[in-house]
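To keep things clear, I will list the structure first and then write my remarks on it.
Each reported figure results from applying straightforward, stated rules to the coordinates on display, with no laboratory input. Owing to the predicted nature of the structure, the values given are computational and were not obtained by experimental measurement. So basically every Cβ, Gly included, is an ideal-geometry build from the backbone, and we count neighbours across all protein chains shown.
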Amino acid sequence: MRAIPAKDLIAPVTPAGGGQPLRFGPVVDGHFLPATPNEIFAQGKQNDVPELTGCNKDDLGGGVPHPDTTPDAFEKMAKERYGDMGAAFLKLYPAGFHYQTSLGCRRTTRLATNCVRRCTCGRKIAPRPRRPKSTLTTGITTLPGPDADKYGAFHTSEVPYVFNSLAKSDRPFTDADRHIAEMMSSYWANFAATGDPNGKGLPHWPSLSDKPAMTMELGDNNTLINIAGSQAKLEFFTKYFSTPQARP
């Protein structure tokens, strides 16, 4: 192994035409992982265990201002990603809705981020030979502080709440934050112990089997919301994920 050039080692995961290799991802080795996760789920061969999944509000889009994201660039992305369904997507997520300020650009980027997040959750409701027992969450935690407007609810910002460790940070947490941390840590601990996040004193969190197309929103509002934000968006993504070119 030491004698093999590094470029040869990363060749299998280097994009065609060059560029940076994938940073991480599951390795299909034919033994521990016999096929890609999507293929395994499509065939209904996954382990049928309770599953908890979700992300933060600004997670997948980076949660930082993108003043260089123009309406034209947004429309181009939509047409490239959604193909024949691009026009339908832009009716649901019109480009140029918030472009007056840098923060406005982040809101427009968040619009696309929400779409990606809903797409990921949308895979859970697509027809499958054997659907897993799933519980979904959409975290909306934004860490308070002087950089809150810049970064929003970024990747891992839910961690201090999940582990109820706000006291380890010097951010200006409030009683509302501490309440969310108590609630989230209880949900996660219950799920780890029993496969069910619910418990005494917690808002009821139904599974996807009980409430199809609904997800739990945690943060300022602790309530069920449509997994795609609206029925029209849900129908769009359900249709999109039934196409061969579908990707988050």
query = Got a sec? How would Thr243, Thr141, Thr53 order by Cβ neighbour count within 10 Å, fewest to most?
reply = Thr243, Thr53, Thr141
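Looking at region 175-248, which trypsin sites (Lys or Arg not before Pro) are DSSP coil and have at most 13 other C-beta atoms within 10 Å of their C-beta?
Those that pass, being in a loop and sparsely packed, are Lys200.
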ask   = How much length is gained if the chain between Ala192 and Ala3 is pulled fully straight, taking 0.36 nm per residue apart and subtracting their Cα-Cα distance, in nm to one decimal?
value = 63.7 nm
